[in-house]
Amino acid sequence: PMVEFLNYEVIDDYDWNVDDDGLFDKAAAMGLDAEDYGQFYVLNNETLLEAAENRGYEWPFACRGGACANCAVAVVDGEMDMPSNHVLSSEMLDRGFRLSCISAPITDHMQVIYNIKHLPGLDELRL
Ligand code: FES
């Protein structure tokens, strides 16, 4: 699977809206730094976080075991399989939030916003 990613910090800096349909097109047109916007492949045996790290990116994490939500991403397009979850509420799941340390893409193409721990709603989780 191919993952197109965007750093939440960019959205925050430019005052963009996470629910904007054209978010990734806007990001692609901006000439952002490679760590803030780009694409990488996820291999079959990798979680999303592992894939990011193995391709040279530094994404936030802490427990690596699905217990803290520091690694949370917002899935904008595509779907990920997440085997367990003890921290995200059902409302957060409905908004597409997933824990990247234990989740893997199940669609060929994904768009995810990473570094969302400061996104309103998630910042209340005491990360
Ligand atoms: Fe703690 Fe993923 S790093 S839930």
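The values are calculated or read from the model by the stated rules, or taken from the named source; none is laboratory data. These numbers were taken from a predicted model, which means no experiment stands behind them. Please note: Cβ atoms are built from the backbone with ideal geometry, for glycine as well, and neighbour counts cover all protein chains shown. In case anyone asks, the SASA skips ligands and DNA or RNA and just uses the protein heavy atoms, side chains included. Shrake-Rupley method; radii C 1.70, N 1.55, O 1.52, S 1.80 Å.
Kindly rank 90-98, 26-34 from highest to lowest mean number of other beta carbons found within 10 Å of each residue. Working shown, then result.
Numbers: 90-98: 15.6, 26-34: 13.1.
Descending packing order for the listed peptides: 90-98, 26-34.
Taking only protein heavy atoms into account and a 1.4 Å probe, give the accessible area per residue of segment 2-125 in Å².
For segment 2-125, the per-residue accessible area is 51 Å².
Using the Kirkwood radius over C-alpha pairs as Rh, can you work out the diffusion coefficient of the chain via Stokes-Einstein at 20 °C, viscosity 1.002 mPa s, in µm² per second?
Value of D from the Cα-based Kirkwood radius: 149 µm²/s.
What length, rounded to one decimal in nm, is gained on full extension from TYR14 through to TYR41, with 0.36 nm per residue of separation minus their alpha-carbon distance?
Extending this stretch completely gives an extra 7.0 nm.
Short version: ³J(HN,Hα) in whole Hz for each residue of segment 63-74, in order, from phi by Karplus 6.51 cos²θ - 1.76 cosθ + 1.60 (θ = phi - 60°), x for Gly and Pro, what are they?
So the J values, rounded to whole Hz, are 7, 6, x, x, 10, 10, 6, 4, 8, 4, 10, 9.
Please tell me the relative contact order of the chain in percent, rounded to the nearest whole number, where contacts are Cα pairs under 8 Å and at least six residues apart.
Relative contact order here is 33 percent.
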